[in-house]
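The structure appears right after this line, and notes come after that.
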Amino acid sequence: MSWQKSVVAFAAAVVLPLTGAMAGSSVAAAPEGDFAAAALPPGSPAAVNGQLKVCGVKLCNKNGKQIQLRGMSTHGIQWYSQCVKTASLDALSNDWKADVLRISMYIQEGGYESNPRKFTDMVHGYIEEATKRGLYALVDWHQLSPGDPNHNTARAKTFFKEIAQRHKDKTNIIYDIANEPNGVTWSRVKTYAEAVIPTIRAEDPDSLVLVGTHGWSTFGLSDGRNINEVSQNKVNASNLMYTFHFYAKDHRDSYLNALRTVSSQVPVFVTEFGSQEASGDGPNDFTMANKFIAFMKEAKISWTNWNFSDDHRTGAVFNSGTCSGSNFSGEAPLKEAGKWVRNHIRTADDF
């Protein structure tokens with residue numbers, strides 16, 4: 001949610017210099033023109049389910065079976081790349097039993113805009129690392145401020161064209177073209193989506209595409225808009241889902257009820273949520289969060305939790321300092337929110 005705007009000052013204390021490899025990490029970014037494509041391990045989530053497709057308002061696997069993906073979102077990779085490395089990704093795959101890794105690449109706030117080549121190469125590297133572990137790689141165009149995604153249309157076309165060109169033959173790629181549109185009407189978001197999606201489809205006609213909804217991906221609820229606006233004016237694109245975000249301490253039954261409504265109208269993927277306040281901090285409300293979890297399981301709504309880092313906030317799953325080491329498995333490195341979400345991820349869907 002909108003808390004990311006306040007992270008910049010804190011980030012100055014944790015950002016590390018980035019060169020050809022990801023800072024503080026043994027996971028190297030794929031250099032331009034020189035990369036080895038990873039293969040999906042047999043029996044892994046992405047190998048079993050293959051190319052994802054929307055069937056009605058549900059997400060289905062290559063066999064047309066309705067499925068629910070569960071996993072984690074990185075923090076902004078310009079700040080917390082040290083938390084996304086071999087040991088942590090191995091834990092996410094082998095210990096947490098996750099299905100999907102959301103790669104959170106901010107556009108402004110020291111992200112892509114500051115060095116497109118560096119951040120594009122970082123994303124290439126993360127996609128290969130997710131693929132080696134059989135995870136779906138959810139590429140998150142983390143636009144936030146300004147809230148109108150049309151501000152970044154040209155950048156988005158450049159970025160997604162290269163990502164799609166290089167990874168179009170993979171079956172585990174998910175493109176999320178707008179993180180949290182805010183202070184903007186749904187019609188403006190729709191205009192942006194219909195400008196960017198053809199760029200992806202020209203290279204990759206099959207993979208799943210996600211688009212954020214207005215009101216910080218709440219279908220306009222957080223902006224006081226009618227949540228039915230999206231279903232009444234859908235994006236003209238195929239194999240598309242719409243994203244919904246919530247933070248359980250602040251977003252109560254009205255948000256849960258909104259999720260029930262919109263997910264019955266259009267395909268929905270919850271690409272970001274937490275059990276805390278919308279700031280990503282403060283006390284956890286596991287009771288309310290469990291209501292959301294139960295409904296998403298019942299409705300087979302896929303999700304990624306915010307966030308896979310050791311940020312000082314309660315919403316970061318690892319204890320502070322964890323990312324400087326190599327122990328990411330089990331409950332010992334985890335805050336309470338980390339223990340909670342790990343347990344939910346480890347309860348496997350019936351693929």
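Some notes on this structure:
- Residue order for Ser326, Ser104, Ser222 - accessible surface, 1.4 angstrom probe, largest first: Ser326, Ser222, Ser104
- Among residues other than Asn343 with Cβ under 12 Å from its Cβ, the summed charge is +2 (Lys and Arg +1, Asp and Glu -1).
- GNM flexibility winner over the chain from Ala87, Ala237, Ala289 (Cα, springs under 10 Å): Ala237
- In sequence order, calculated HN-Hα J values of segment 150-167 (Karplus, 6.51, -1.76, 1.60; Hz; x Gly/Pro): 4, 4, 10, 4, 4, 4, 4, 4, 4, 5, 5, 4, 5, 4, 5, 4, 6, 10
- When the Cα gyration tensor is reduced to axis lengths a ≥ b ≥ c, the ratio a/c is 1.5 or higher for segment 105-218, and with a/b above b/c it is classed as prolate.
- Positive-pole candidate from Leu89, Val100, Asn49, dipole of the chain, charges at beta carbon: Asn49
- Charge dipole of segment 101-161 (Cα centre as origin; +1 on each Lys and Arg Cβ, -1 on each Asp and Glu Cβ, all else neutral): 200 debye, rounded to the nearest 20.
- Cα centre as origin, Lys/Arg/Asp/Glu Cβ charges: the chain dipole, Debye: 640 debye
- Using bins of 5 Å that start at zero, the share of Cα-Cα pairs per bin across segment 175-228 amounts to 5, 21, 29, 20, 14, 8, 3, 0, in whole %.
- Straight-line cross-link partners of Lys190 among the aspartates and glutamates, defined as a Cα under 17 Å from its Cα and at least 8 positions apart when in the same chain: Asp148, Asp176, Glu180, Asp223, Glu229.
- Using a simple spin-label model with pseudo-atoms 7 Å out from Cα toward Cβ, Glu298 and Gln232 lie 2.7 nm apart.
- DSSP beta bridges fully contained in the chain are about 15 percent antiparallel.
- Summing +1 for each Lys or Arg and -1 for each Asp or Glu among the other residues whose beta-carbon sits under 14 angstrom from that of Ser238 gives 0.
- Long-range amide H partners of Val268 with built H, under 5 Å: Tyr242
- Protein heavy-atom accessible surface, 1.4 Å probe, per residue over the chain: 34 Å².
- Within the same chain, lysines fewer than 8 places from Lys170 are excluded, and of the rest, those with a Cα less than 19 Å from its Cα are Lys53, Lys62, Lys132, Lys161.
- With the convex hull drawn over the C-alpha atoms of segment 54-346, the volume per residue is 113 Å³.
- Protein accessible area in the chain, 1.4 Å probe - carbon and sulfur %: 49 percent
The values are calculated or read from the model by the stated rules, or taken from the named source; none is laboratory data. As the structure is a computational prediction, the values presented were derived from the model and not from experiment. Cβ atoms come from the backbone with ideal geometry, glycine included; neighbour counts cover every protein chain shown. Side chains are part of the model used for accessible areas, which takes the heavy atoms of the whole protein and leaves out ligands, DNA and RNA. Shrake-Rupley method; radii C 1.70, N 1.55, O 1.52, S 1.80 Å.
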